[in-house]
Amino acid sequence: MEQDLLCKIPGPLLAWYDKNARVLPWRQDPQPYYVWVSEIMLQQTRVEAVKPYFDRFITALPTVAALAEAPEEQLLKLWEGLGYYNRVRNLHKAAKIVMENYHGQLPADFETLLTLPGIGKYSAGAIASIAYGIPMPAVDGNVLRVTARVLASEEDITKEQVIYDISSRLQKILPRDRVGDFNQALMELGALICLPVGKAQCLLCPLRHLCRGYEQGIYMELPKKAPKKQRRIEDRTVFVIISQQRVLIAKRGEKGLLAGLWELPNTQGAMDETQCREYLFLRGAKINKIVSLGKAKHIFSHVEWHMTGYGVYLEEENFPWEDAVWASARELGESYALPTAFKAYTGQIKKLLCE
DNA sequence: AACGCGGGGTC
DNA sequence: GACCCAGCGTT
């Protein structure tokens with residue numbers, strides 16, 4: 001094989017990183033627990049979105065021990081709005097394992113990190129290199145985009161083989177004295193300069209002189225990715241059910257979409273007010289009044305909810321709904337984790353309670 | 001290898 | 001609208 005083009009990256013990349021690295025909360029003091037929490041939060045999530053969540057999480061749960069002992073309700077509340085809620089459930093499981101099997105110390109070993117729930121190849125490499133200086137690559141979407149462009153590679157970067165190939169080539173060229181910085185620098189370049197789809201800032205790029213994608217004028221077409229599956233649309237009718245100045249909320253199941261979070265009672269289909277009244281009556285509701293709350297849309301990665309909302313005033317709190325509890329407005333804000341999907345309706349609760 | 005799993009930013 | 005993002009676990 002020819003001398004790997006990638007081996008020319010570290011020098012100029014690290015020089016650039018030394019001048020341009022962002023100041024990030026988990027970078028100030030890269031102790032293993034902080035790096036771990038940040039890497040889990042950063043999975044498929046932008047730095048700017050993570051920042052406030054990270055600070056709040058670390059303040060509430062400063063150590064692995066505190067995390068392991070925290071009730072799941074508190075964890076979901078701290079994660080509320082960040083998405084991919086299985087991440088925090090896995091983080092919790094892993095913290096318990098770390099307490100029981102590793103004396104509360106996050107293992108300083110790539111293969112062992114890989115066995116912990118929520119830690120895959122990328123995260124194991126990131127934690128090992130950043131927290132412990134272990135020479136393992138951390139190949140995420142940024143790294144794949146940067147390397148595909150530098151190499152002018154038209155391979156589909158979602159293929160496992162491509163990720164494996166880039167990983168092994170990067171491992172060979174990791175500067176042994178700065179492995180964590182190198183991995184972060186590659187990602188930082190992807191996040192600040194080598195931006196996706198037509199936003200690349202090549203004139204500011206420290207790798208421009210060796211980038212074949214730039215040289216050949218094809219960087220804007222890279223990286224190649226297989227098209228994503230189309231989202232399906234789901235119609236749902238959402239109820240803000242009120243009685244005695246409290247709102248009915250229900251706990252979702254332990255598996256699937258928004259697992260373990262609380263939600264406004266809702267059901268399949270887009271009902272009009274008459275259907276809505278009929279449906280609730282058949283379930284045993286004694287309805288005082290129904291008001292329309294309008295339509296709302298929420299887009300998940302794989303499904304789109306088209307919601308029709310109603311405010312429903314009951315004569316009494318006696319109304320059977322599976323896994324439901326009555327909550328005051330204050331409790332709703334402080335104690336229960338509700339997904340963003342219901343924001344259009346939860347935002348109207350205060351007003352509805354005044355009527 | 002394909003799929004389910006959030007939410008927000010950008011053009 | 002479409003695309004993308006410091007991915008992982010399940011099937």
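What the table shows:
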{"item": "Test for A:Ile193: is it under 30 Å from A:Glu304 (Cα atoms) and of a type in the set (Val, Ile, Thr)", "result": "no"}
{"item": "Strands (runs of 3 or more DSSP E) contained in the stretch A:260-351 and holding at least 2 residues within 19 Å of A:Gly81 (Cβ to Cβ)", "result": "A:287-299, A:303-314"}
{"item": "Candidate set from the stretch A:48-73 (those that are within 16 Å of DNA strand C (Cβ to nearest atom) and under 20 Å from A:Leu258 (Cβ atoms)); member that is surrounded by the fewest Cβ atoms within 10 Å (Cβ to Cβ)", "result": "A:Ala49"}
{"item": "For A:Glu188: the one exception among (1) buried (at least 19 other Cβ atoms within 10 Å of the Cβ); (2) within 20 Å of A:Glu221 (Cα to Cα)", "result": "(2)"}
{"item": "Hey, A:Lys93 under 18 Å from A:Thr340 (Cα atoms) and at pLDDT 95 or above or not", "result": "no"}
{"item": "Verdict on A:Ala68 being in contact with a Lys or Arg (Cβ under 8 Å, 6 or more places away or on another chain), away from DNA strand B (no atom under 16 Å from the Cβ) and touching a residue at least 24 places away in the same chain (Cβ under 8 Å)", "result": "yes"}
{"item": "Test result for A:Val35, in contact (Cβ under 8 Å) with a residue 12 or more places away in the chain and within 12 Å of the chain's Cα centre (by Cα)", "result": "no"}
{"item": "Criterion: more than 16 Å from DNA strand B (Cβ to nearest atom), crowded, with 20+ Cβ neighbours inside 10 Å and in contact (Cβ under 8 Å) with a residue 24 or more places away in the chain - qualifying residue of A:Leu24, A:Leu6, A:Leu76, A:Leu13", "result": "A:Leu13"}
{"item": "Of the criteria (1) farther than 29 Å from A:Thr340 by Cβ; (2) within 16 Å of DNA strand B (Cβ to nearest atom), which one A:Leu192 fails", "result": "(1)"}
{"item": "Subset of the stretch A:257-314 that is among the charged types (D, E, K, R) and within 16 Å of DNA strand B (Cβ to nearest atom) - its residue that is surrounded by the fewest Cβ atoms within 10 Å (Cβ to Cβ)", "result": "A:Lys297"}
{"item": "Test: residue in the stretch A:295-305 that is outside the structural domain of A:Pro71 (by TED's automatic domain parsing) and more than 29 Å from the chain's Cα centre (by Cα)", "result": "no"}
{"item": "Every residue from the stretch A:324-346 that is within 26 Å of the chain's Cα centre (by Cα), under 25 Å from A:Tyr279 (Cα atoms) and more than 12 Å from DNA strand B (Cβ to nearest atom)", "result": "A:Tyr345"}
{"item": "Criterion: in contact with a Ser or Thr (Cβ under 9 Å, 6 or more places away or on another chain), under 30 Å from A:Lys228 (Cα atoms) and of a type outside the set (Ser, Thr, Tyr) - qualifying residue of A:Met307, A:Met271", "result": "A:Met307"}
{"item": "Among residues of the stretch A:191-233, those that are surrounded by 14 or more Cβ atoms within 10 Å (Cβ to Cβ) and in a strand (DSSP E or B), counted", "result": "1"}
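The values are calculated or read from the model by the stated rules, or taken from the named source; none is laboratory data. None of the values given here were measured: they were computed from a predicted structure. We place every Cβ from the backbone using ideal geometry, glycine too, and count neighbours over all the protein chains shown.
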